[in-house]
1. Take every Cα pair under 8 Å in the chain that's 6+ residues apart, average their separations, divide by the length, and report that relative contact order as a whole percent.
2. In straight Cα distance, which lysines are under 29 Å from Lys58, not counting same-chain residues fewer than 8 positions off?
3. Rank these for me by crowding, Arg32, Arg82, going from fewest to most other beta carbons within 10 Å.
4. Along Cα→Cβ, 7 Å out, is where each label goes; now give me the distance between the ones at Phe73 and Tyr12 in nm to one decimal.
5. Considering just Cα atoms, how many Å³ per residue does the convex hull of the stretch 12-70 enclose?
6. Test of understanding: what is the full-extension gain from Asp55 to Arg82, defined as 0.36 nm times their sequence separation minus their Cα-Cα distance?
7. Taking amide H positions as placed in the peptide plane 1.01 Å from N, state which residues far from Arg32 in sequence (5 or more) or on other chains have amide H under 5 Å from it.
8. Around Trp77, under 14 Å between beta carbons, what's the net of Lys plus Arg minus Asp minus Glu among the other residues?
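Quick note: the coordinates plus some simple rules give every number you see, no bench work behind them. Small disclaimer: the values here were computed from a predicted structure and weren't measured. Cβ sites come from the backbone with ideal geometry, for glycine too, and all protein chains shown count toward neighbours.
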Amino acid sequence: MEQPEKNIKLAYDGEIHLAVGASKTEKKWKNRQMSWSDFTQRLKTPTVTQETVEDYKKMPKSKQGEVKDVGAFIGGWLKEGRRKRG
């Protein structure tokens, strides 16, 4: 069921720093600066994959991790955009 879109006006819509990667295991990430409202707007739309919930539950944990790995962010910037762990 779809929720009606709420138009919320933020009193404090400050800039935030994020490191964004295409995968949680990616070594080189991109440091980004955006407003809080832009960030929350990006989080509104989830990534939907092809498998059903039933199919997903039957997968081994390693495969479930691969399916869910559609991008990631870290609050703050990474030095030289590098993440050592993944």
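1. Once normalised by length, the contact order is 45 percent.
2. Lys24, Lys44, Lys68
3. Arg82, Arg32
4. Placing both labels 7 Å along Cα→Cβ, they lie 1.8 nm apart.
5. Working: hull volume 5.7 nm³, N = 59.
Residue-normalised Cα hull volume stands at 97 Å³.
6. Difference between extended and current length: 6.3 nm.
7. Leu18, Ala19, Val20
8. Here the count lands on +4.
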